[in-house]
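Read through the structure below, which is laid out as structure tokens, and then see the notes.
Bear in mind these aren't lab numbers, they're just calculated from the coordinates by the rules spelled out. Predicted model, so just to flag it, every value in this text is computed and none were measured. For neighbour counting, all protein chains shown are included, and Cβ atoms are generated from backbone atoms with ideal geometry for every residue, glycine included.
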Amino acid sequence: MVRVLAYCINAQEFLEFTKGLSAVDEPDIWARSLDDQLLLWIDVGEPSVERVKKASRIAREVKIYCFNRKSKPWWDSGRAKFTRMNASYYRFDWQSIQALASLHQRTMQLSVTITGNSAYIATELGECEVAWVRLT
């Protein structure tokens, strides 16, 4: 669900989901130009410093969305290194992500409205709001 939310926040031409966990050398979401340049690399979770460094070398823009209980220690321990890289970092509120996950169904329709640093998600099972903060 976090991948879907990151996709919605960054909706643009050429944006697509990658193979996910089965392709460790790819981000969760990317945008490639018609001439196959990597325009946007989006990772969801808490990637290693080496992974972010690699992404910032090969993509024009890199965005990282962290969201779970490990995100604060991850950021605190790597902040000095992460801020030297050409990447943007965001943190979703963990309780909001849990509320969003509770709306998941195998097949579902959802409506997403984004305003500022907040997304309002409505599904057949209910609705929730997910806010995020920019870490850099």
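Here is the figure for region 75-93: residues that are in contact (Cβ under 8 Å) with a residue 24 or more places away in the chain, over 18 Å from Tyr7 (Cα atoms) and either touching a Ser or Thr at 6+ places or on another chain (Cβ under 6 Å) or of a type in the set (A, V, I, L, M, F, W, C) (or both) total 5. Cβ-Cβ distances below 9 Å connect the following pairs, each with a first residue in region 30-52 that is of a type in the set (Lys, Arg), a second residue that is part of a strand (DSSP E or B), and a separation of six or more residues or different chains: Arg32/Glu16; Arg32/Leu38; Arg32/Leu39; Arg32/Leu40; Arg51/Asp43. When we screen Gln105, Gln98 for residues that are of a type in the set (S, T, N, Q) and within 17 Å of the chain's Cα centre (by Cα), the only hit is Gln98.
Consider Ala59 carefully, then state whether it is over 19 Å from Asn10 (Cβ atoms) and either among the small types (Gly, Ala, Ser) or in contact (Cβ under 8 Å) with a residue 60 or more places away in the chain (or both).
Here the answer is no, as Ala59 does not meet what is asked.
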